[in-house]
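Visitor: Okay, handing you the structure first.
The values are calculated or read from the model by the stated rules, or taken from the named source; none is laboratory data. Model, not experiment: these values are computed from the prediction. Virtual Cβ from ideal backbone geometry, glycine too; neighbours counted across all protein chains shown. Surface accessibility is based on the protein's heavy atoms, side chains included, excluding ligands, DNA and RNA. Shrake-Rupley method; radii C 1.70, N 1.55, O 1.52, S 1.80 Å.
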Amino acid sequence: MNFNQAVELIAKSSRIVGFTGAGISTESGIPDFRSPNGVWANNRIIEYQEFISSRAGRIEYWRQKVAMWPEMRDAQPNAGHLAFAELERRGKLLAMITQNIDGLHQRAGNKNVIELHGTTVEAECLTCGARISMDEAVKRVEDGDPAPECDYCGGLLKPATISFGQAMPALAMKAAVEASQNCEVFLAVGSSLVVYPAASLPEMAKQSGAALIIINRTPTPLDGIADLVLNEEIGKALPLLIGMTVG
Ligand code: NAD
């Protein structure tokens, strides 16, 4: 499939799934994980097991969160997020599936967002499920409580995101699988497509007969099964692909 054929297919289809990774938010100033200047270049990964079993691990986890919070909180949706919001407004989007935790799809106007890895705008008690805003949690850390606990039950407070080693949210995953198996076009945008089970969704869509279109700056392991791969910047390529005029 060439670019023009993809534009035509998207113009005709009303069953499109958007699937995004950290790459869609780099143009909003939020670093991704795997690029040379990404989060992993400067931070040690604290997996779920370490978070729950070690206070030192929790302190390091919260230190990283607090350091990253201002740029997450202040980030604005960019042309890529706005393109997906436009697809939903046109009634063409079955679901907006994201691995991101930054809430930028919702802020761009998407209503039907499936968050596979949770959200960083709140912190959740791992024992009773009570939530507080990230602003409040960060303030507690900055005020001298380096690994905050729940006010109600004393359980461990953790950003409401899914860490490595933590179970996926079952309902979100079920909805994502259903949309992926029922779409006509699967648009995988700004994801290295190496994090499973999220990366199994484009494979499922392809097996169910959808056209798979990948937009990513660098190659991905699924390029071989894609109908079209665009190694381009998302903010330029995605609006053109969905037929928006770029301002
Ligand atoms: P990733 O970091 O593994 O991959 C991002 C990909 O996007 C890379 O292959 C990179 O080449 C590409 N990319 C970056 N900027 C781009 C641009 N402007 N145009 C085109 N391509 C671009 O991200 P992932 O696949 O989402 O996996 C990492 C995990 O990290 C996710 O599960 C997510 O939960 C989490 N994460 C989220 C955020 C966020 O919410 N914004 C930020 C960092 C990490």
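Visitor: Output the number of the condition that residue 82 fails; it satisfies all remaining conditions of (1) outside the structural domain of residue 199 (by TED's automatic domain parsing); (2) open to solvent by 30 Å² or more (accessible area, probe 1.4 Å).
Guide: It fails just one condition, (1).
Residue-by-condition table, conditions (1) modelled with pLDDT of 95 or more; (2) away from the ligand (no atom under 13 Å from the Cβ); (3) open to solvent by less than 40 Å² (accessible area, probe 1.4 Å):
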| position | (1), (2), (3) |
| --- | --- |
| 6 | yes, yes, yes |
| 12 | yes, yes, no |
| 21 | yes, no, yes |
| 30 | no, no, yes |
| 34 | no, no, no |
| 40 | no, no, no |
| 51 | yes, yes, yes |
| 105 | yes, no, yes |
| 110 | yes, yes, yes |
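Visitor: Could you name every one of the strands (runs of 3 or more DSSP E) located completely within region 41-148 that has at least 1 residues being farther than 20 Å from residue 162 by Cα and touching a helix residue (DSSP H, G or I) at 6+ places or on another chain (Cβ under 6 Å)? Give the derivation first.
Guide: Numbers: elements: 93-98, 113-115, 118-125, 131-133.
Strands (runs of 3 or more DSSP E) meeting the threshold: 93-98.
Visitor: Since residue 158 meets every condition but one in (1) free of Cβ contacts under 8 Å to residues at least 60 places away in the same chain; (2) open to solvent by less than 30 Å² (accessible area, probe 1.4 Å); (3) away from the ligand (no atom under 14 Å from the Cβ), which condition does it not meet?
Guide: (1)
Visitor: In this structure, does residue 239 turn out to be more than 24 Å from residue 178 (Cα to Cα), within 13 Å of the ligand (Cβ to nearest atom), outside any strand (DSSP E or B) and open to solvent by less than 10 Å² (accessible area, probe 1.4 Å)? Even if it seems obvious, please write down each step before you answer.
Guide: Values: more than 24 Å from residue 178 (Cα to Cα): yes; within 13 Å of the ligand (Cβ to nearest atom): yes; outside any strand (DSSP E or B): yes; open to solvent by less than 10 Å² (accessible area, probe 1.4 Å): yes.
It is true that residue 239 is more than 24 Å from residue 178 (Cα to Cα), within 13 Å of the ligand (Cβ to nearest atom), outside any strand (DSSP E or B) and open to solvent by less than 10 Å² (accessible area, probe 1.4 Å).
Visitor: While we're here: Considering only residues of region 205-227 that are within 15 Å of residue 18 (Cβ to Cβ) and not in a loop (DSSP other than H, G, I, E, B), which is farthest from the ligand (Cβ to nearest atom)?
Guide: Only one residue fits best here, namely 211.
Visitor: Tell me whether region 178-194 contains one or more residues that are surrounded by fewer than 17 Cβ atoms within 10 Å (Cβ to Cβ) and assigned to a loop (DSSP other than H, G, I, E, B). Show your work before the answer.
Guide: Within region 178-194, the subset surrounded by fewer than 17 Cβ atoms within 10 Å (Cβ to Cβ) is 178, 181-182, 194.
With assigned to a loop (DSSP other than H, G, I, E, B) added as a condition, the list becomes 194.
Checked region 178-194: at least one residue is surrounded by fewer than 17 Cβ atoms within 10 Å (Cβ to Cβ) and assigned to a loop (DSSP other than H, G, I, E, B).
Visitor: Something else: Can you tell me which residue is nearest to residue 176 (Cα to Cα) among those in region 93-103 that are open to solvent by 20 Å² or more (accessible area, probe 1.4 Å) and either among the small types (Gly, Ala, Ser) or more than 14 Å from the chain's Cα centre (by Cα) (or both)?
Guide: Narrowing region 93-103 to residues open to solvent by 20 Å² or more (accessible area, probe 1.4 Å): 93-94, 99, 101.
Pick out the ones that are also either among the small types (Gly, Ala, Ser) or more than 14 Å from the chain's Cα centre (by Cα) (or both) and you get 93-94.
Numbers: 93: 13, 94: 10 Å.
Ranking the qualifying residues of region 93-103, first place goes to 94.
Visitor: Return the residues of region 189-247 that are free of Cβ contacts under 8 Å to residues at least 12 places away in the same chain, closer than 22 Å to residue 33 by Cα and hydroxyl-bearing (Ser, Thr, Tyr); say none if nothing qualifies.
Guide: Hits for region 189-247 are 196, 200.
Visitor: Can I ask one more? Just checking, which of 147, 199 is out of contact with any Cys (no Cβ under 7 Å at 6 or more places or on another chain) and assigned by TED's automatic domain parsing to the domain that holds residue 215? If you could, list the steps in order and put the result at the bottom.
Guide: Working: 147 fails: assigned by TED's automatic domain parsing to the domain that holds residue 215.
Of the residues listed, the single one that is out of contact with any Cys (no Cβ under 7 Å at 6 or more places or on another chain) and assigned by TED's automatic domain parsing to the domain that holds residue 215 is 199.
Visitor: Given the conditions (1) out of contact with any strand residue (DSSP E or B) (no Cβ under 7 Å at 6 or more places or on another chain); (2) at pLDDT 95 or above; (3) over 29 Å from residue 73 (Cα atoms), report the number of the one that residue 226 does not fulfil.
Guide: (1)
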